[in-house]
Structures are given as structure tokens and as C-alpha cells.
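**Student:** One structure coming up, written as C-alpha cells, with questions to follow.
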Amino acid sequence: MAQRAIGQAFPQAAIGEGLAARRRGKRRQLAIVALVILGAVGFLVYSGLRTNVYYQTVGELRAGGSAVVGKQVRVAGVVTEDAIAREGSGSIIHFTMADGGGALPVTYKGAVPDIFQPGIEVVVEGKYGADGRFTADTLLAKCPSKFEEAAK
């Protein structure tokens with residue numbers, strides 16, 4: 001009878017150990033998933049803070065001198081009247097943007113916004129060269145508001 005009691009207790013103990021092992025495995029999986037999610041969120045926060053660039057005016061960029069050469073920056077200004085030149089099929093453009101602080105020659109390669117023309121406000125993102133030229137990776141044109149004309 002003692003053998004029978006031991007025999008019956010043993011399968012239950014084995015089942016209990018199996019459940020405990022499964023629970024440990026699920027906890028381990030949950031911990032790994034949580035670490036991956038925390039790592040991804042941490043990376044997104046870090047990369048978001050690292051690439052956060054506020055725009056400067058042309059005058060502020062020029063005043064920065066050699067400290068801004070080669071760094072990724074955004075610059076805002078107005079496209080000057082007679083300074084747009086398209087190269088080749090038109091995917092590379094050279095133009096000058098200006099504000100009260102001076103003028104800045106810009107080279108941009110990529111899709112040009114439909115509203116891009118002289119007199120339009122633009123924000124370019126790219127790198128300022130030691131030669132005084134700005135090589136833009138991104139060109140954003142400010143849409144004129146239909147309400148501005150009505151207010152005048």
C-alpha cells in the first residue's frame with residue numbers, strides 16, 4: 001500500500017514540476033519581450049533627440065561661422081527673384097535664398113515642390129559647406145495661405 005501511495009504521489013509531483021517549468025519559460029519569454037520593447041523605445045527616443053534640428057535664419061547660419069560647417073542644420077529664408085537654375089533634367093537645382101541677414105547659395109537634388117518659385121518662403125535641411133554653399137537634402141516650401149490675401 002505504501003508503494004501505491006508513493007506511485008500516485010509521484011505523477012502529481014511530475015505534473016507540478018512541468019507546470020512550474022512552463023511558468024518559468026513564459027516568464028522568461030515575457031521578460032525578453034519587455035526588454036526588446038524597452039530597447040526599441042529607448043533607441044527611438046535617443047535617435048529622435050539626436051536628429052532634432054531647429055531652423056535658423058540665413059543670418060544666424062552665417063554668424064555661426066566654422067562652428068556650423070559640416071553639421072546638419074535647417075535654414076529658413078525666401079527664394080530670391082533671379083537665382084533659380086536647373087541642372088540637367090531638373091532634379092538638381094541651384095538657387096539663392098535670403099533674409100534680412102544676407103543671402104545663401106543652395107544646391108538641392110531631389111523632388112522640387114510644385115509651389116517652388118521666386119519669392120516663396122522655404123526651409124532647407126542639409127549641410128553648410130566651408131565654401132559658403134549649402135547642400136540641401138530636404139526642401140520644404142511654405143504654402144501661401146488663401147486667408148493672407150483676404151486679410152490685406
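The values are calculated or read from the model by the stated rules, or taken from the named source; none is laboratory data. Predicted, not measured: the structure shown is a model, and the values here were computed from it. Glycine also receives a Cβ, built like all others from the backbone with ideal geometry; neighbour counts cover every protein chain displayed.
**Student:** If I go through the stretch 105-135 residue by residue, how many of them are within 24 Å of the chain's Cα centre (by Cα) and either more than 22 Å from TYR54 (Cβ to Cβ) or not aromatic (Phe, Trp, Tyr) (or both)?
**Tutor:** 20
**Student:** Show the residue pairs meeting these rules: Cβ distance below 8 Å; 6+ apart or different chains; first residue within the stretch 123-134 and within 14 Å of GLY64 (Cα to Cα); second residue of a type outside the set (Gly, Ala, Ser) and part of a loop (DSSP other than H, G, I, E, B).
**Tutor:** Between residues of the stretch 123-134 that are within 14 Å of GLY64 (Cα to Cα) and residues that are of a type outside the set (Gly, Ala, Ser) and part of a loop (DSSP other than H, G, I, E, B), the close pairs are LYS127/LYS71; TYR128/VAL68; TYR128/LYS71.
**Student:** Now for a different question. Return only the number of the condition from (1) part of a strand (DSSP E or B); (2) modelled with pLDDT under 85; (3) polar (S, T, N, Q) that SER66 does not satisfy.
**Tutor:** Result: SER66 fails condition (1) only.
**Student:** Name the single residue that is nearest to ILE92 (Cα to Cα) among those in the stretch 139-152 being modelled with pLDDT of 80 or more and assigned to a loop (DSSP other than H, G, I, E, B).
**Tutor:** So the residue we want is LYS142.
**Student:** Taking only pairs six or more apart or across chains, which ones have beta-carbon atoms under 6 Å, a first residue in the stretch 73-100 that is among the basic types (Lys, Arg), and a second residue that is modelled with pLDDT of 90 or more?
**Tutor:** ARG74/VAL123; ARG74/GLU125; ARG86/ILE93
**Student:** How many of the residues in the stretch 71-88 are at pLDDT below 90 and within 17 Å of GLN117 (Cα to Cα)?
**Tutor:** 7
**Student:** Can you tell me how many residues in the stretch 70-90 are outside any strand (DSSP E or B) and farther than 16 Å from ALA141 by Cβ?
**Tutor:** Residues in the stretch 70-90 being outside any strand (DSSP E or B) and farther than 16 Å from ALA141 by Cβ: 4 in total.
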